[in-house]
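Asks: Let me give you the structure first, and then I'll get to my questions.
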Amino acid sequence: MENQYILDNLSEVLNRIRKACECCGRSPQEVRLLMATKTISPEIIKIAIAAGQQLIGENKVQEIRDKYQQLKDVPHEKHFIGYLQTNKINDVLKYGVSCIQSVDRWELAQKLHQKLLQAGREMEVYVEVNTSGEESKHGVAPTQAVALVQQLSQLNTLKVSGLMTIGKLTEDATQLRACFVLLRELKEEINSLKLSNVQIKELSMGMSTDLEEAIAQGATIVRVGSAIFGKRKYN
Ligand SMILES: *Cc1c(COP(=O)(O)O)cnc(C)c1O
């Protein structure tokens with residue numbers, strides 16, 4: 001039962017992505033689906049992975065830890081997409097996260113760099129930008145984003161390859177679009193600076209309700225949770 005529900009939802013989301021790409025003349029291969037799996041059990045996540053999805057995103061270090069054993073033998077890629085406290089960096093590195101999409105401050109970047117140096121590793125990171133200006137949202141302010149990326153470029157363990165944002169929660173399509181346009185323009189501005197360790201290839205934007213608009217503005221990763229797994233149940 002649950003299986004079929006997930007599979008149906010998944011194919012509907014993939015159809016939406018395909019249609020959105022068609023609408024703006026992009027190839028569906030330019031847009032990757034990241035399944036936002038917060039609160040979702042490993043059993044359910046495995047159903048979606050078995051259906052061909054490779055990429056998941058988690059928001060909480062605790063959940064990554066809890067699900068690790070059950071998912072470690074299932075081939076998939078894991079990004080961190082939530083607010084990262086500096087004292088949780090070790091766990092993010094330990095449990096197979098390949099990219100942190102939510103780097104939004106210098107202090108976090110520095111501490112991450114120190115840990116990576118100790119481990120002799122590099123890591124792909126995206127910078128999260130608060131394009132909506134909503135106070136409840138994390139992310140660097142758009143006016144500070146370029147300066148932060150310039151700082152990050154000095155930390156040679158960090159490979160800055162993307163920008164991430166959450167669109168404004170609004171019915172107003174113009175305001176929503178402005179968030180995604182802003183992220184795309186920041187990408188162009190940052191890439192024109194040709195900084196070392198920085199090349200923005202990915203725009204991670206668009207979720208269950210607004211992926212079409214994000215794709216129209218250049219999203220290369222859409223992060224979708226509830227449209228695949230249903231409404232989240234928090235305990
Ligand atoms: C939960 C979450 C998503 C997915 O949200 P849905 O509306 O369920 O698709 C995307 N990005 C982030 C950062 C999230 O926390």
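All of the numbers you see were taken from the coordinates with simple rules; none came from a lab. Computed from a predicted model, the values in this text were never measured in an experiment. We place every Cβ from the backbone using ideal geometry, glycine too, and count neighbours over all the protein chains shown.
Asks: If I take every Cα pair under 8 Å that is 6 or more residues apart in the range 14-127, average their sequence separation and divide by the length, what percent do I get for the relative contact order?
Replies: Numbers: 131 pairs, mean separation 21.5, N = 114.
Across the range 14-127, relative contact order equals 19 percent.
Asks: Can you find, among 197, 9, 23, the residue farthest towards the positive end of the dipole of the chain? Put +1 on the C-beta of Lys and Arg, -1 on that of Asp and Glu.
Replies: Of the candidates, 197 comes out farthest on the positive side.
Asks: Starting with the highest mean, order 227-234, 126-133, 145-152 by the number of other Cβ atoms within 10 Å, averaged over the residues of each peptide. Show your work: numbers first, answer last.
Replies: Numbers: 227-234: 14.0, 126-133: 23.5, 145-152: 18.0.
The packing order, highest mean first, is 126-133, 145-152, 227-234.
Asks: If you don't mind, another one. Run lengths n ≥ 4 of DSSP H only: what is the helix-derived mean residue ellipticity at 222 nm for the chain, with -39500 (n - 2.57) per run over all residues, to the nearest 500?
Replies: Calculated mean residue ellipticity at 222 nm is -13500 deg cm²/dmol.
Asks: For the chain, modelled as a Gaussian network with Cα springs under 10 Å, which listed residue fluctuates most, 158, 193, 203?
Replies: Judging by the Gaussian network model, the answer is 193.
Asks: Loop-only trypsin sites (Lys or Arg not before Pro) in the range 95-158, please: DSSP not H, G, I, E or B, and at most 15 other Cβ atoms within 10 Å.
Replies: Details: sites: 105, 111, 115, 121, 137; in loops: 105, 121, 137.
When the trypsin sites (Lys or Arg not before Pro) of the range 95-158 are filtered for loop state and at most 15 Cβ neighbours within 10 Å, 121 remain.
Asks: Taking 2.2 N^0.38 Å as the expected size of a compact globular protein, what ratio does the Cα radius of gyration of the chain give against it, to two decimals?
Replies: Compactness ratio reported: 0.98.
Asks: Also, quick follow-up: Taking the Cα centroid of the range 202-230 and of the range 6-20, what is the distance between the two, rounded to the nearest whole Å?
Replies: Computed from Cα coordinates, the inter-centre distance equals 11 Å.
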